[in-house]
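In what follows, a structure is listed as structure tokens, so that the remarks can point back to it.
The values are calculated or read from the model by the stated rules, or taken from the named source; none is laboratory data. The structure presented is a predicted model; accordingly, all values stated were derived computationally and were not measured. Methodologically, a virtual Cβ is constructed for each residue, glycine included, from the backbone with ideal geometry; neighbour enumeration extends over all protein chains shown. Only protein heavy atoms, including side chains, enter the accessible area calculation; ligands, DNA and RNA are left aside. Shrake-Rupley method; radii C 1.70, N 1.55, O 1.52, S 1.80 Å.
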There are 2 protein chains.
Amino acid sequence: MVEMTGIVDVAARAGVSVATVSRALRGLPGVSDATREQIRQIAAELGYVASPSAAALPTGRTGAVAVVSPVATTGWYFNAVCEGAQEVLAANGFDVLRYDLSEVETNRRRVFDTQLLRKRVDALLLTSLPLTPEEVEALHAMNRPVMVVGPIVSGLPSVRIDDVEVGRMATEHLVGLGHREIAFAGGDPDDQLGFPVSPDRRIGYAEVLREVGVEPDPALTVPAKFTVEAGVAAFAELWARDVRPTALFAASDEVAMGAMHEARRHGVRIPEDLSVVGVDDHDMSWLFGLTTVAQDVRAEGRIAAGTLLEALRSGIAGETTVTTVPTELIVRSSTRPAGQSAS
Amino acid sequence: MVEMTGIVDVAARAGVSVATVSRALRGLPGVSDATREQIRQIAAELGYVASPSAAALPTGRTGAVAVVSPVATTGWYFNAVCEGAQEVLAANGFDVLRYDLSEVETNRRRVFDTQLLRKRVDALLLTSLPLTPEEVEALHAMNRPVMVVGPIVSGLPSVRIDDVEVGRMATEHLVGLGHREIAFAGGDPDDQLGFPVSPDRRIGYAEVLREVGVEPDPALTVPAKFTVEAGVAAFAELWARDVRPTALFAASDEVAMGAMHEARRHGVRIPEDLSVVGVDDHDMSWLFGLTTVAQDVRAEGRIAAGTLLEALRSGIAGETTVTTVPTELIVRSSTRPAGQSAS
DNA sequence: CTGAAAGCGCTTACAG
DNA sequence: CTGAAAGCGCTTACAG
């Protein structure tokens, strides 16, 4: 092992005890300004940095927070949350440990092994993760601040958007353009956990349709996870059902992108033959001219991280509050008034 | 602090010393099978997991590796590398700490503060990071395994693709289609560090052009960082120069996407008026029908992580070897023979 | 095969 | 304002 300057080196060089060095460097009271300044100088010269492992032992604080997300593949959304969180965490000297739950079984056990994670991080940030009641229980037992970004999870504080409202905004836009035969693509048929995001968006969609006197047609609803591939499959399914809606509300931009791609493959022009609205304002959505209900995912990550830091600082577990951040309709070129099929 | 079962609890319950528990659980020799099995059982019952911080102190091993990437914004590529790396790292029980170098000045200092990082992680994985000689020096001084994914960095082992060959493949494809006026978009004009990726791709491009008797025209080369926005700007620049190439080789798919978008805005049809080739096979490239020189970025991350684990396991610093992974041309609909402008 | 004990590098009452 | 000392939860020679 190469020389690693430790606290004793600094203490020796400064002619004080390690206790004083520890207090001085961490800004604790009870150190004269002169001494503190001198110690700082020496620490800087020596390039001394306290070992997080060593500091974690007596304090129980690791200086790290975990960001847990499902299936790495789903990509953009989770990375954006993580980027936002990481931004504020790093600025506050915290490390971030990323846990991706790809192989469902294995990794889930690992992540929610309270012992494991509790010894590793001071707080947890979960992104759009379906959780069982037992898992929520385990998280509480961890006795560490937890935030979830995405859905409301009973018993856990979260940062989210109003998904029903999202569904309303998208559908109102389409309805306002005169569309009445509007398909909905979203919802994971394999979801056993009642993950509410897509269902809520669908509720908003259904509400608005009924408000204009249209009963939502089950034949116009197709399931789709939050991926481009699911969007492709969703449109294919609609097409196979022989329904020909004039508009499509996709539960996410990625779903919308896939659906648009598949639609074009069938000779359906967008927006001439089909108007499409997505959700998220994915980084690439503007390239597709995609109209979307935008959310600031990175900001959500930042807010969640900030709340976590606050809880850590105050030592208070934090209320189980739900912070709802605003969304905004961004109209681009994938939507247009109904009945204008002839360009 | 809530009850955290520690090694003493397990030892007490098993009626053995903590030393034996430590050895048994880590699979070290010198423990009878019966004892080991019993200890395992008890540890499982109690949900005991060794504290990484506590274990790190005597061993100097944190069980974590850092994945360092520049500017979070550049997105896809770095996330893909990280996903690949994380996959193998997590499978081997390692945590991954992500460091994004967004605010250049500040974070760079932070990350390359050898003391800081050395006390935090056992190994380092750098993605496409321009490094100064001093930084390479600092990395060596850290005395920890380091791998870089992307460019060859003198003195550091890396996993990369043959960028000159990439340039050749893309250009040969276009030349083979009969194109001779081929633009190149790539290279960061602000780069002070001689980051070789784009320049190498350009070398391959120039080589192939010369081989068919065409002297590369400086007017057909425009700078572009690896972003969609840069691609937009690059095409705009070409357009402003009043050059009208029949094909464009973009240094990355994101650049290509931006360029295609801007081209269409100017009424340039793809591929009728302009053939476009990118590099990477970005997750979304197929949606654009983009012809590209594909690389398996996640695999590169996996390989780099595997090498790191091997170095950690063997204790050997590892050769400064360069692993070159293959690339493959994927032809889609953004390229077509020259001179077929009339559709 | 197993244990007692020192030590890893910090932090934190407790004294002074 | 400052220091001596115990302790955080492990690992690892060293004995036996």
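When the range B:45-86 is filtered for residues that are more than 16 Å from DNA strand C (Cβ to nearest atom), of a type in the set (A, V, I, L, M) and free of Cβ contacts under 8 Å to residues at least 12 places away in the same chain, only B:49 remains. Name the single residue, out of those in the range A:45-58 being away from DNA strand D (no atom under 13 Å from the Cβ) and part of a helix (DSSP H, G or I), that is least open to solvent (accessible area, probe 1.4 Å). Step by step, filter the range A:45-58, then rank; the result is A:46. When the residues of the range B:184-215 are filtered to those that are acidic (Asp, Glu) and free of Cβ contacts under 8 Å to residues at least 60 places away in the same chain, the one that is surrounded by the most Cβ atoms within 10 Å (Cβ to Cβ) is B:200.
Provide a single number: the residues in the range B:33-44 that are more than 8 Å from DNA strand C (Cβ to nearest atom) and open to solvent by 30 Å² or more (accessible area, probe 1.4 Å).
Of all residues in the range B:33-44, those more than 8 Å from DNA strand C (Cβ to nearest atom) come to B:37-44.
The next check asks that each one be open to solvent by 30 Å² or more (accessible area, probe 1.4 Å); those that pass are B:37-38, B:40-41, B:44.
The total comes to 5.
Annotation: residue A:279 fulfils all but one of (1) open to solvent by less than 30 Å² (accessible area, probe 1.4 Å); (2) assigned to a helix (DSSP H, G or I); (3) not aromatic (Phe, Trp, Tyr); the unmet one is (2).
Look at (1) out of contact with any Leu (no Cβ under 9 Å at 6 or more places or on another chain); (2) at positive phi and you find that residue A:281 fails only one, number (1). In the range A:22-35, the residues that are in contact (Cβ under 8 Å) with a residue 60 or more places away in the chain form no Cβ pair under 6 Å with any partner that is open to solvent by less than 80 Å² (accessible area, probe 1.4 Å) and not hydrophobic (A, V, I, L, M, F, W, C), whether six or more places apart or across chains. Number of residues in the range A:1-25 that are more than 25 Å from residue B:61 (Cβ to Cβ), more than 10 Å from DNA strand D (Cβ to nearest atom) and among the charged types (D, E, K, R) equals 1. For the range B:85-111, a tally of residues being modelled with pLDDT of 90 or more, within 23 Å of residue A:77 (Cβ to Cβ) and more than 9 Å from every other protein chain (Cβ to nearest Cβ) returns 2.
Pick out, from the range B:119-183, the strands (runs of 3 or more DSSP E) lying fully within it that include 1 or more residues that are in contact (Cβ under 8 Å) with a residue 12 or more places away in the chain, open to solvent by 40 Å² or more (accessible area, probe 1.4 Å) and closer than 22 Å to residue B:314 by Cβ. Even if it seems obvious, please write down each step before you answer.
On the way: elements: B:123-127, B:146-149, B:158-161.
Those strands (runs of 3 or more DSSP E) do not exist here; none qualify.
A residue that is closer than 22 Å to residue A:336 by Cβ and in contact with a strand residue (DSSP E or B) (Cβ under 6 Å, 6 or more places away or on another chain) can be found somewhere in the range A:200-215. Only residues that are touching a Ser or Thr at 6+ places or on another chain (Cβ under 7 Å), open to solvent by less than 30 Å² (accessible area, probe 1.4 Å) and more than 9 Å from DNA strand C (Cβ to nearest atom) were counted across the range A:1-32, and they come to 2.
Within 30 Å of residue A:143 (Cβ to Cβ), within 12 Å of chain A (Cβ to nearest Cβ) and within 9 Å of DNA strand D (Cβ to nearest atom): is that true of residue B:61 in this structure? Here the answer is yes, as residue B:61 does meet what is asked. Scanning the range A:265-291 for residues that are small (Gly, Ala, Ser) and more than 17 Å from residue A:245 (Cβ to Cβ) turns up A:285, A:289.
Only one entry of A:248, A:220 meets the criterion of being touching a strand residue (DSSP E or B) at 6+ places or on another chain (Cβ under 6 Å) and free of Cβ contacts under 8 Å to residues at least 40 places away in the same chain, and that entry is A:220.
Here is a yes/no grid of residues against (1) more than 30 Å from residue B:77 (Cα to Cα); (2) of a type in the set (Ser, Thr, Tyr); (3) touching a strand residue (DSSP E or B) at 6+ places or on another chain (Cβ under 8 Å):
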residue: A:34; (1), (2), (3): yes, no, no
residue: A:37; (1), (2), (3): yes, no, no
residue: A:51; (1), (2), (3): yes, yes, no
residue: A:56; (1), (2), (3): yes, no, no
residue: A:59; (1), (2), (3): yes, yes, no
residue: A:63; (1), (2), (3): no, no, yes
residue: A:68; (1), (2), (3): no, no, yes
